[in-house]
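Down below is the structure, laid out as structure tokens.
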Amino acid sequence: IFPGSVDAAGQRATLGVLGGGQLGRMFVHAAQRLGYFTAVLEPDPQSPAGLVSHHHIQTGYDDPSGLAQLSQLCQAITTEFENVPAQALQTLALTRPVAPSAAVVGIAQNRIAEKAHFSACADLSGVSCGPYAVIETLTQLRAVQNERADLLPGILKTARMGYDGKGQVRVKNTDDLTAAWAELGSVACVLEKMLPLTAECSVLVARGWDGQVVSFAPQRNVHVDGILAVTHAYEGNMPPALATRARDAAVSIAQHLGYVGVLCIEFFVVADGSEHGGLVVNEMAPRPHNSGHYTLDACDASQFDLQVHTMAGLPLPQPRQHSPAIMLNLLGDVWFGADGQRREPDWYSVLSLPGTHLHLYGKLDARAGRKMGHLTITGPDILSVKTVAQRAAGLLG
Ligand code: ADP
Ligand code: MG
């Protein structure tokens, strides 16, 4: 699908996205920069992506007429969040190329299927998931309580619909587990052993229809209360041997899935000497990822550029990072002073620091924990990036 092209009926080359959040917004920006028209399907009239797209179809993700409109308008379609009904992608795929496919999104939507996939390609990827058990029924719950004391203390996670630490309960002992499962609505869950993390990292992979694969070096991520807070993207952000293993594992997981599009794989780095050789695969997101936002400012092709290239069948040049970078997530909390009053952050001071790149997503309502934007810091060397990041973080309180 050539950017800027017009078909015989006068229709412009248009790329579509299911979902209207910030990931959709940055996808729209990348597509438009190349000359594509864009269409967003999203019920919220004030969504970050809907606000900047040429077309905004304001219906539910599973609305048949909305989906028909989307496939009518677009030559190829992608998704920006994994909890979009896989059925919607399946419907769209009947008439248009859809990347990633409903099948792989279906796997990424369900921790049970996801872990089964990771285990299936563990020999190939050289990385396995941590110890866990599936709890879908009361019988399984009882069995875990009786036989899997090795998983405690652990974290009970719903198989579906979890994000940013939601749908998770920490469990100390067997009794807690009963209450935790009830608290999560007695739905299908996995119980994971709580691992002694020394670090977390993620790897972004892009794979085209023809099987061509490119990847970014792993970025190291710091989470606070289950939400990404800071991403460190520079050489030496983690031990080189682990970085190589994580990157190779991510590529082989994407290949094993026959994945098309941008895929992000999250890893845990665990205290060495463990049976996992220091690296455990956590989960995957079938889309660009918060931890890859630094690629917009620090690389010659961003994760969103690659998303556009993969779905449109354009070549995938190996992206090159031209600057070390640190990304600070801007949650709604930043808009509230110590007195609890809403205020505008001091952007003047932040933007007077060298190498700061501010991205706000156009959300009006600043709530605690809500992702409002991010700030990427780039610079000539790691030390200056760290220094500026520290000062920016200080200004943002
Ligand atoms: P989400 O879908 O919310 O991103 P994750 O499974 O990635 O869910 O969990 C969110 C965060 O919680 C992780 O980034 C990590 O900091 C912590 N966490 C999750 N599982 C474990 C575990 N088994 N051991 C230790 N920490 C964990
Ligand atoms: Mg996660």
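The values are calculated or read from the model by the stated rules, or taken from the named source; none is laboratory data. Quantities reported herein were computed from a predicted structural model and do not represent experimental measurements. Glycine gets a Cβ as well: all are built from the backbone with ideal geometry, and neighbour counts include every protein chain shown. Accessible surface areas use protein heavy atoms only, side chains included; no ligands, DNA or RNA. Shrake-Rupley method; radii C 1.70, N 1.55, O 1.52, S 1.80 Å.
A few notes on this one:
- Relative contact order (%) - the range 182-256, alpha-carbon pairs under 8 angstrom, separation at least six: 27 percent
- Protein heavy-atom accessible surface, 1.4 Å probe, per residue over the chain: 42 Å².
- Solution diffusion estimate, µm²/s, Stokes-Einstein, the range 208-267, Kirkwood Rh from C-alpha pairs, 4 °C, viscosity 1.567 mPa s: 101 µm²/s
- With the highest mean first, a sort of the peptides 304-310, 359-365, 189-195 on other beta-carbon atoms found within 10 angstrom per residue produces 304-310, 189-195, 359-365.
- For the chain, relative contact order (Cα pairs under 8 Å, six or more residues apart, normalised by length) works out to 14 percent.
- The count of lysine pairs in the chain with alpha-carbon distances below 18 Å, taking only pairs 8 or more places apart or on different chains, stands at 9.
- Projected over all directions and averaged, the alpha-carbon convex hull of the chain occupies 20.4 nm².
- Relative contact order (%) - criterion: Cα under 8 Å, at least six apart; region: the range 142-238: 23 percent
- Furthest towards positive pole of dipole, Thr59, Tyr36, Leu73, structure part the range 14-98, Cβ charges: Tyr36
- Dimensionless Rg/Rh of the range 131-193 - Kirkwood Rh, Rg from C-alpha atoms: 0.91
- Residue with peak Gaussian network fluctuation, the chain [Cα springs, cutoff 10 Å], from Pro345, Pro286, Pro48: Pro345
- Order by protection proxy (mean Cβ within 10 Å, highest first), peptides 318-331, 153-166: 318-331, 153-166
- When +1 charges are put on Lys and Arg Cβ atoms and -1 charges on Asp and Glu Cβ atoms, the dipole computed for the range 197-395 relative to its Cα centre reaches about 280 debye.
- Placing +1 on the Cβ of every Lys and Arg and -1 on the Cβ of every Asp and Glu, with no other charges, gives the range 14-98 a dipole of roughly 300 debye about its Cα centre.
- The rule of thumb for compact globular proteins, 2.2 N^0.38 Å, goes into the C-alpha radius of gyration of the range 281-355 1.48 times.
- Translational diffusion coefficient (Stokes-Einstein; Kirkwood radius from C-alpha pairs) of the range 197-243 at 10 °C, 1.306 mPa s, in µm²/s: 132 µm²/s
- Compactness of the range 197-395 is given as radius of gyration and Dmax, 17.3, 55 Å, from Cα positions.
- Accessible surface of the chain [probe 1.4 Å, protein heavy atoms]: carbon and sulfur percent: 54 percent
- Bins of 10 Å from zero: percent of alpha-carbon pairs in the range 14-98: 21, 60, 18, 0
- Relative frequency of Cα-Cα separations exceeding 13 Å in the range 333-397, percent: 65 percent
- Gyration tensor (alpha-carbon) shape descriptor, the range 1-42, a/c threshold 1.5: oblate
- Peptides 51-60, 386-395 ranked from most to least packed, by the mean per-residue count of other Cβ atoms within 10 Å: 51-60, 386-395.
- Computed about its Cα centre, the charge dipole of the chain is approximately 320 debye, with only Lys, Arg, Asp and Glu carrying charge at their Cβ.
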